[in-house]
Structure formats: structure tokens, C-alpha cells
Amino acid sequence: MHTEQSTQQLKQSLADAILMMERAGVIDFNGHFSARLPGTDFMLINAGKSVRSALTAADIITIDMNGKPVGGTDVPPMEFHIHAEIYRRRPDVQSVVHTHPLYSTLFTMAGKRILPVIMQAAVLGEIQYFDKTASINTKPLGEALAAALGEHRVCVLRAHGAVVAAGNVMEAFVLGCYLEETAERQFLAAQLGEPHVLSREEIALIGGNLWKPNLVKKVWDYHHAKLA
């Protein structure tokens, strides 16, 4: 069961994650990040009007899965359906982020797949593809996106951005960063020639090594220190 203190800590983690992603160029003025509120049917998410480059914990609001504010009047982003429908479909998911990354989106615009060309990509899993260019601002679109994501961690949206679903805020943040790092390096390497793609054996070995709590936290701490 959550307490007021734990809720405030979760709000601060979401605010920090959005600030760090904005600094890293993974979220822009329209990105949003959420987390389930433990022990409830609610989620925490940044308010639709929040300024992503100057976020505080006060900009994180509580809503139900239909987007209705709980204990406040600020409304969520129009695309809260992304989060709600993934949570409904995936009890294992505790945090969702929708990003607008430059390089990852270029690949969707060109109809090219983002491939596991760097070690960090080994933890992304099979990247799914949502073949619609639309704001996910209705329940049916949210359901379609959640279905496209399936049981995976990452889905890219054509000419739009990406969605990451994870076990907690820190994991969602790291996966979102790793996706864009992979796309950027694949794009740059392609200027020199055909990038080498990791084998299944390499992915299994490297992914198992990298997806450890201390190494996930290492990435978070690196970006968090830049907020100081």
C-alpha cells in the first residue's frame, strides 16, 4: 500500500525522469511519463499543460484509467490512453513513457527497422511497430497501440515517436534512452557501411549482463547528476 511519502517520491522520480529525457533530447514539449500508483487503480502522469523542460513534482497528477483527475483539477495529456490501455492489458507493467526521439522517429518515417547494433540494444527486446501516424487520443487507438506492443518492451510509432513499458520508472527511462542511442548510432554507422548486427547469442549474453539493477541505476545516476 502506498503512503503519502512514497507517492511523493514516485512523483519526484517521474519529474526527474522527464527532465532528464528532455535534456537528452528524447522527450520534447509533448512527451509524457507515467507510473501506476501502487495499491490503486490510478496512475501518476505529468499534467498536459506541464512544461517538460521545467518540471517539478507538483506537475505530476493522479488520474484514473479513464483520464479523470483524482484530487485535483489539472487534466492529463490527450494521449493518456497510451498509458491506460497498456496498464489494462499488462499487469506486469508499472511504468510507461511516450517519447518523441529524433533518430528513432527518422527510422519509422523511412520504413527502416532499428536493429541491435550496440550492446545497450540487447535489453530492448524485439522492437514493435505501430503502423499509424496519429495522436493516440482515443481509447480505440490506445487499445490498438497496446495490442501492437503486445508483451514487448518497446514500440515505435510511424512518424511520431516511441512507447516504452517497464517494471518501474528507472527501467522505462533507461530503455527509452537506449532506444534513441541505438537509432543514432545505427544511423551514423550506416554512413560508413552496413552496421554489424548482434547475433541472438550475443544479445542473450549481453542483455543478461546489462539488465542488472546496479547497471540500470548507473545510467539513471549519470543523467540525474546533470540536473544538479
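The values are calculated or read from the model by the stated rules, or taken from the named source; none is laboratory data. The structure presented is a predicted model; accordingly, all values stated were derived computationally and were not measured. Every residue, glycine as well, gets a Cβ built from its backbone with ideal geometry; the counts of neighbours run over all protein chains shown.
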Taking the condition of a type in the set (Asp, Glu), assigned to a helix (DSSP H, G or I), touching a helix residue (DSSP H, G or I) at 6+ places or on another chain (Cβ under 6 Å) and surrounded by 16 or more Cβ atoms within 10 Å (Cβ to Cβ), does Glu85 pass? yes
Exactly one of Val26, Val51, Val70 is of a type in the set (Val, Ile, Thr) and within 17 Å of Phe173 (Cα to Cα), and that one is Val26
Ala148 vs (1) in a helix (DSSP H, G or I); (2) surrounded by fewer than 17 Cβ atoms within 10 Å (Cβ to Cβ); (3) touching a strand residue (DSSP E or B) at 6+ places or on another chain (Cβ under 6 Å): all pass except (2)
Look at the stretch 20-64 and say how many of its residues are part of a loop (DSSP other than H, G, I, E, B) and either of a type in the set (Gly, Ala, Ser) or buried (at least 16 other Cβ atoms within 10 Å of the Cβ) (or both). 14
Condition check for Ser13: surrounded by 15 or more Cβ atoms within 10 Å (Cβ to Cβ), touching a residue at least 60 places away in the same chain (Cβ under 8 Å) and assigned to a helix (DSSP H, G or I): yes
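Yes/no matrix, rows are residues, columns are (1) of a type in the set (Asp, Glu); (2) out of contact with any Asp or Glu (no Cβ under 7 Å at 6 or more places or on another chain); (3) modelled with pLDDT under 95:
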position: Ala47; (1), (2), (3): no, no, no
position: Asp59; (1), (2), (3): yes, yes, no
position: Pro69; (1), (2), (3): no, yes, no
position: Val75; (1), (2), (3): no, yes, no
position: Ala84; (1), (2), (3): no, yes, no
position: Pro101; (1), (2), (3): no, no, no
position: Ser104; (1), (2), (3): no, no, no
